[in-house]
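Read through the structure below, which is laid out as structure tokens, and then see the notes.
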Amino acid sequence: MKDASKRISIIGAGIAGIAAAIRLALQGHQVTVYEANDYPGGKVFEWEFEGYRFDMGPTVFTMPAYLEELFDLAGKNMGDYIEILQPEVPFHYFFGDGLVLHFYSDLEKLITEIATKTNDSPEAIKAYFKNVETKFELTKNVFLHNSLNILSNYLTKDALRGMLRIGEVDVFTSMDKSNRVAFRDQRTVDLFNSFASYLGSNPYKAPGVLNVISHFQINGGVYLPVGGMQSILNALYTLACELGVTFQFGQKVERILVQDKKACGISVQGQDFPSDLVISNMDVYFTYKHLMPDQVEPKKVLDHPKSHSVMVFHWGMKKSFPQLALHNMFLSSDMSDEYNTIYKNADIGDHFTYYINISKKINEGDAPDGCENWYVLVNAPNLQGQDWDAMQQKVRKKLLAKLALALGEDVEPCIQFERIRDPRDHARQTNIAFGAIYGNSFDQTFSAFLRHSNFSKRIENLYFCGGLSTLEVVSH
Ligand SMILES: Cc1cc2nc3c(=O)[nH]c(=O)nc-3n(C[C@H](O)[C@H](O)[C@H](O)COP(=O)(O)OP(=O)(O)OC[C@H]3O[C@@H](n4cnc5c(N)ncnc54)[C@H](O)[C@@H]3O)c2cc1C
């Protein structure tokens, strides 16, 4: 995509669609982003109610360097657009036996904390932190920064080095098995297994190489922008507009126009808009099923099992809880049963892990004085015809009972108002198949190969970006 100025249509103004628009506008192209919703951001959006503000999608922010890269490319100072803070203790981990671990940003403190409170040694923890960093270094040029689907990408020095040391990255074992080799305390194993949920995957099936996810939190750090996650979106949207990207909101794309095996535009509400290139930021599954029903589908990719999803309770709490941090992970006492129930029974059982985000801990203005904005997330199966209204009530009841036990008090009377979102809402809001918020699951050894590449192999001038298609974080 390095030749003279082209007209480019991007379908979807999710964070990846906006990032792609920025890169392409910087290369001198005329970029128009068509977004079905009447706002930018896709899964990144906020809700304000009665003096409370909630981030409704992502809450854990790692690797701000990838964000900064976009401002650097544009010759701008990211600090003029967004202020990013790094909390000293971003996470508290709560275990069934009453143990509470403080996840310090400072690595030495973190190692001491885990070693003091579990049966794992500082050496074992240090070695693990080094190991996940090595996994990142060895794999980043194979499948994070480059496409897995271009043969020449395997022939670079870095990629070859990664392939030669494949034994070190645990491709042929599961995340859980790899963690059990590293640690002897089941609680430490559970802590690091819980990172599988960042990809909507099952730690007992997903390959051990995906323990690399914890590298971003451990070695990269956890951040929060002033104003919450919404500020990331606002900063990128402002930058894109400054660079001349055009946004068309309330424009649901109905077709990708294809002629002689080349994408040549899109169609919205019966009107055709020609372009030289088309980039889909929407779910790859629906891109094929809805926008190109007459084209040959990449069947293996589309038929691959999907990730699990989440149910989120947004609670306006009329009380503060000093024992809680910005992020709080309450780990299941039987994680294996939790994932079996999700994947085999398509249900949420008794042993679910839950996570509470309270952005008020950092952003004073996110709730009234003495109050907190709770975002309580529970891993959930994807949409398989369940009775979600009944499931919401069942999970809510169990959740309140678990919280009463963990915090030593009944929190229900503190809930001033609530909004509950389940996979049906995720599916509706951003048009995703089965409400599977991470697209294809990573539950097989070579699952990474069963995600779509960021370009079409059959249709020229058609590209993909975003969390529901590719794995790559940088455009092809
Ligand atoms: C509840 C929840 C919690 C999460 N937590 C985290 C977290 O803590 N940390 C993290 O890193 N990630 C998290 N994620 C994942 C993260 O939000 C996504 O990976 C990311 O936002 C995906 O961005 P995207 O641009 O790829 O896709 P999307 O945000 O889905 O954007 C796609 C866009 O395409 C639009 N669209 C779809 N169809 C059409 C059409 N036909 N025409 C026009 N537009 C269309 C949609 O409206 C949408 O705006 C979470 C996700 C959810 C739902």
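Some points to look at:
- Residue ID - surrounded by the fewest Cβ atoms within 10 Å (Cβ to Cβ), chosen from residues in the stretch 254-289 that are under 24 Å from the mean Cα position of the chain (by Cα) and near the ligand (Cβ under 9 Å from one of its atoms): Phe286
- Assessment of the stretch 10-30 against the conditions (under 18 Å from Tyr223 (Cα atoms) and within 16 Å of the ligand (Cβ to nearest atom)) yields at least one matching residue.
- Single unsatisfied condition, Asn77 versus (1) surrounded by fewer than 16 Cβ atoms within 10 Å (Cβ to Cβ); (2) within 30 Å of Met329 (Cβ to Cβ): (2)
- Flag for Gln186 being over 23 Å from Gly167 (Cα atoms), free of Cβ contacts under 8 Å to residues at least 24 places away in the same chain and either over 18 Å from the mean Cα position of the chain (by Cα) or crowded, with 20+ Cβ neighbours inside 10 Å (or both): yes
- The one condition in (1) without any contact (Cβ under 8 Å) to a residue 60 or more places away in the chain; (2) within 26 Å of the chain's Cα centre (by Cα); (3) over 30 Å from Glu418 (Cα atoms) that Ala127 fails to fulfil: (2)
Residue by residue, here is whether (1) out of contact with any Cys (no Cβ under 8 Å at 6 or more places or on another chain); (2) within 17 Å of Leu403 (Cα to Cα) holds:
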{"position": "Ser309", "(1), (2)": "yes, no"}
{"position": "Phe313", "(1), (2)": "yes, yes"}
{"position": "Ser320", "(1), (2)": "no, yes"}
{"position": "Ala325", "(1), (2)": "yes, yes"}
{"position": "Asn328", "(1), (2)": "yes, yes"}
{"position": "Met335", "(1), (2)": "yes, no"}
{"position": "Tyr339", "(1), (2)": "yes, no"}
{"position": "Asn345", "(1), (2)": "yes, no"}
{"position": "Phe352", "(1), (2)": "yes, yes"}
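Matching residues to (1) touching a helix residue (DSSP H, G or I) at 6+ places or on another chain (Cβ under 8 Å); (2) surrounded by 20 or more Cβ atoms within 10 Å (Cβ to Cβ); (3) not in a helix (DSSP H, G or I):
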| residue | (1), (2), (3) |
| --- | --- |
| Gly365 | no, no, no |
| Pro368 | no, no, yes |
| Asn382 | yes, yes, yes |
| Gln386 | no, no, yes |
| Asp389 | no, no, no |
| Lys394 | no, no, no |
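- Residue list for the stretch 189-236, restricted to those being within 16 Å of the chain's Cα centre (by Cα), of a type in the set (Val, Ile, Thr) and in a helix (DSSP H, G or I): Val212, Ile213, Ile232
- Every residue from the stretch 10-68 that is surrounded by fewer than 23 Cβ atoms within 10 Å (Cβ to Cβ), among the charged types (D, E, K, R) and touching a Gly at 6+ places or on another chain (Cβ under 7 Å): Asp38, Lys43, Glu46, Glu50, Arg53
- Residue within the stretch 62-71 that is in contact with a Pro (Cβ under 9 Å, 6 or more places away or on another chain) and assigned to a strand (DSSP E or B) present: no
- Only a single item in (1) under 18 Å from His314 (Cβ atoms); (2) surrounded by fewer than 17 Cβ atoms within 10 Å (Cβ to Cβ); (3) in contact (Cβ under 8 Å) with a residue 24 or more places away in the chain is not met by Ile437, and it is number (2).
- Within the stretch 280-316, the residues that satisfy the criterion of being part of a strand (DSSP E or B) and under 22 Å from Ala427 (Cβ atoms) are Ser280, Lys306, Ser309, Val310, Met311, Val312, Phe313, His314.
- Taking the criterion of being among the acidic types (Asp, Glu) and either closer than 25 Å to Lys361 by Cα or part of a strand (DSSP E or B) (or both), the residues of the stretch 31-56 that qualify are Glu35, Glu46, Glu48, Glu50, Asp55.
Values in this text are rule-based calculations from the coordinates and carry no lab data. Model, not experiment: these values are computed from the prediction. Every residue, glycine as well, gets a Cβ built from its backbone with ideal geometry; the counts of neighbours run over all protein chains shown.
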